[in-house]
Every structure is written in C-alpha cells, then in structure tokens.
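Quick notes on the structure that follows.
The values are calculated or read from the model by the stated rules, or taken from the named source; none is laboratory data. From a predicted model like this one, the values you see are computed outputs, not experimental measurements. Backbone-built Cβ (ideal geometry, glycine too); neighbour counts: all protein chains shown. All accessible areas refer to the heavy atoms of the entire protein, side chains included, with ligands and DNA or RNA removed. Shrake-Rupley method; radii C 1.70, N 1.55, O 1.52, S 1.80 Å.
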Amino acid sequence: CPWLQHIDEKTMRLHHLKHHQAYTDKLNGALARLRANPETKALAKRGIDWLLEHVQELPEAERGPVRNAGGGYVNHDLWWQCLSPRGGEAVEPREGSPMHGALTAAFGSVNDFKTKLNLASLELFGSGWAWLVASSTTGDLQVEATANQDSPLMSGQVPLFGIDLWEHAYYLKHGPSRKDYLNDFWKVLNWPFVERRYTDLIDRISPSGAAGKAEL
Amino acid sequence: PGASPPFSALLIIVMLSRSRVLPALRGFATRAKHTLPDLPYEVNALEPAISAEIMQIHHSKHHNTYVTNLNAALEKYADAEAKGDMAAMIALQGAIKFNGGGHVNHSIFWSNLAPKTCDGGDVTKAPGIKAAIEAQWGSVDTFQSTFSATTAAVQGSGWGWLGYDKASGSLKIATCANQDPLSTTGLVPLLGVDVWEHAYYLQYKNVRPDYLKAIWGVINWRNVEERFVAAK
C-alpha cells in the first residue's frame, strides 16, 4: 500500500472511526434536539450545508454544537474524498484544465499557490484547517484558514479542498512537524477530484460557461 | 557598597552610552532572552499517567519552540519600537500572545505535576487548598469531575484551569483557547491542564477523558497550594 507511506494506517483508522464518528454522533444529537422542538423542526430538514451557512439563525444553544460537530462532519466528509492512493498519479492539476488555469490566474503559478497554502497552514495557531476556496457567486479562488471545525461555507465560500491541521491528523507519524506532514499531504492530494469540484461549481454559477461538461 | 566609582570612569561610561559605539550594550537589558526551564523530574517520572515519550517531545520540542519564537518576536518588537513602527508592533502582538502564553502556560504546567514519589496526586499534602476546594465544591472528587468535564469539552486546542479570583476571593474553573494565558480572564493561575492533542495523543489517542482522569494521580498539590497562598 504505497499511500500508507504518506499518511499512516493508525492515523487513518483513528481519524475516521473515532474522530469523524464522534462528530457524526454529536451532529445527529444536535439535529434530534432541533427536530424535537416544533419551533426548530423545519430547520433540521434543511441539510447540514445550509445550516452551516445560516448558523446564526439557530437557537443560541445549538449554534456551538452545529458549528463544531456539523463543521467536523462536513470537513471530514470532504477530507476523505480529497485523499487518494492514486493521488500520486496526479500530483499536479492537469495543464490546460480549468482548475490549472484558475490557479495560475489567481496565484501566478501552481507552485506559488502551494507556497501560499503551506504558509497559511504553518501560520495557523492551534487547531483548524487550511483551504483552497472558491466564491459561491464568482468562482474566484482564495487561500483561507479557519479555526477548529469552522467551515468556509459559513462565509459563503465553497471549499474545493482542505488540509486538516488538527494535531490528530498528523501527530502519530509526523510528531510536531506540520511541515513534514504538508510534504506528505501534497503526494496524496486527489487533484482529479478537486478539478471536478471546481468545474461543477463553475457550471452551477454560469451554466453556459467555458468550463465544459462536468464529469460525475 | 557605598563606594562610588571614580568620576572619570563615570564620564567615560556616559560618553560611551551616548555615542554609537555601544548601542548593543544599551539594548542588552531589554533583550534578555527567555529560556526553557528544566523539568523538575525525569521524563519518565510521571508514568503511567503521562508517558516519557510525551514528556520528552512536549518539553524539548513544543515548549522549546514557544521559547525560541517568543524571543524572536520580542527581538523584532524591540526593533520596531526603536524605529517607532507602530504597524509592525501591532502585527507582532499575535506572535507574542501565542508564544508568550505558550511559555507561561507550560512553565506553570511542569511545576503543577509531580511523581508519586514526591506526593504527586496526594491532596492531603495541601490542606489549605483542599479545604478551599471542599468549601466550594463539596468534595475534592466533585471538583475533579467538574474540572475534567469542563476541560474535556474544550473545542480544539486549549487549557483547563483552576484559578483564583481576587475580586471575590474565590476559586474558579475556567478554560482558555489555544495558548491564551489565564491572565486574559483576570484570574490567577493555580493549576493548568494542557488539552492540546500533543499533550496526550501518543498515549491516549482520541480519548481525552482518560488522560484527564489519569492526570489527577500526578498533580503536585503542594505547588497548587503555594500559588494559592501567593495569590491571596
């Protein structure tokens, strides 16, 4: 299993079966509480993405749980899809692809983008995530960091991919060295998935746009 | 003592300090560096509650990094202040808070812990704080469960604290995010427990509550009492 060279099996198991499971359970608990209250029952049916975009509309007691557990749930759901043993076959976005073009336009080059994301990752203090995000209205790209399990969805940004920077994501194999972890992360990032995510978004924003037909 | 240096020596010192010859010397006192304190016990002394591996990395890597980065930030701050660069001074405040807080918090933490051979975990050695805890929470057990539950609930990285509130003369349980020192809440720190994942992950994995249960066995209650007496 060549990909286990980069992120170890023990971390994958704990991260998925314990950490992500715990967020799932806590989110389900929060949603059950919302459903049980006639005033908030309709909110519970809106879906977690909507809830994260409108977290201020929730009763105060549930904002923290939804933000933390709901954020943790969606962030990790995206995380597994961003990683791939076959990420090693596409360590860069494909030249000529809309994603490649957009990264070059926004950051100067793909390498400049990686430098910027690495810097944001190293500068984030405490627990959180670093992201490549796109505006939900314009598709414009940005590098962003969020604390704890806060999702870019909360500020109207669409996460294209994120890097989990909580210590549980890297400590067993990489110890304190977030830098070593980032080196390994780039080797398993699933660029084909990220490219599809980007073109899907562009198609949603402007259906007749030049992004081309999105793959499923 | 009492003997004053010869006038000529004083004159030379005054002239040198006003010249450009020794600006480094004049700045030296403001740039005294912070240093990593030694652990008061061996790295394996707190086993099985906290593994030697964790103690080694936590002290010589994490705490050491806070000290190094604090010194670097303070040096840059002193330079910015000398140039009157307010924007740079403000931009550095985050780094000073993170790393200064990290240094302060961990220095307290090592002193808050002790091996069983030095009465770690034995609250009867600290009758003053024991009585104050019992007066406020009914029993030491109840205090510990409340502290553990509150601290386990910290989202992401942070610390759980027992602090002293001078205004009311009472003890309080509080939590802080990241490396924010307890001083930001106005409380005096008596006992802190680090719940950044690096404090327990290698040994306890995701099970923070197990770590919080085990750490009570190595709390240096004498140190907590010393801080309590000093705070009052």
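What the table shows:
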read-out: Sole residue being more than 14 Å from chain B (Cβ to nearest Cβ) and modelled with pLDDT under 95, chosen from A:83, A:78, A:103; value: A:83
read-out: Enumeration of residues in the stretch A:169-185 that are open to solvent by 20 Å² or more (accessible area, probe 1.4 Å) and closer than 14 Å to residue A:130 by Cα; value: A:178, A:179
read-out: Subset of the stretch B:91-137 that is within 23 Å of the chain's Cα centre (by Cα) and β-branched (Val, Ile, Thr) - its residue that is farthest from residue B:193 (Cα to Cα); value: B:96
read-out: In the stretch B:195-204, residue surrounded by the fewest Cβ atoms within 10 Å (Cβ to Cβ) [restricted to those that are within 17 Å of the chain's Cα centre (by Cα) and assigned to a helix (DSSP H, G or I)]; value: B:198
read-out: Qualifying positions in the stretch B:205-218 - part of a helix (DSSP H, G or I) and within 11 Å of chain A (Cβ to nearest Cβ); value: B:208
read-out: Any chance residue B:223 is in a loop (DSSP other than H, G, I, E, B) and surrounded by 16 or more Cβ atoms within 10 Å (Cβ to Cβ); value: no
read-out: Residue ID - farthest from residue B:38 (Cα to Cα), chosen from residues in the stretch B:52-63 that are more than 10 Å from chain A (Cβ to nearest Cβ) and crowded, with 17+ Cβ neighbours inside 10 Å; value: B:54
read-out: Members of the stretch B:130-166 found to be open to solvent by less than 20 Å² (accessible area, probe 1.4 Å) and among the small types (Gly, Ala, Ser), listed by number; value: B:156, B:157, B:158, B:160, B:163
read-out: Answer residue from the stretch A:115-130, given it is more than 10 Å from every other protein chain (Cβ to nearest Cβ) and hydroxyl-bearing (Ser, Thr, Tyr) and is nearest to residue A:68 (Cα to Cα) among those; value: A:121
read-out: Tally of residues being within 24 Å of residue B:225 (Cβ to Cβ), open to solvent by less than 10 Å² (accessible area, probe 1.4 Å) and part of a helix (DSSP H, G or I) across the stretch B:102-117; value: 5
read-out: Count of residues meeting criterion [in contact (Cβ under 8 Å) with a residue 40 or more places away in the chain, surrounded by fewer than 23 Cβ atoms within 10 Å (Cβ to Cβ) and within 14 Å of chain B (Cβ to nearest Cβ)] in the stretch A:147-163; value: 2
read-out: Tally, over the stretch B:170-187, of residues that are open to solvent by 30 Å² or more (accessible area, probe 1.4 Å) and either over 19 Å from residue B:223 (Cα atoms) or touching a Lys or Arg at 6+ places or on another chain (Cβ under 7 Å) (or both); value: 7
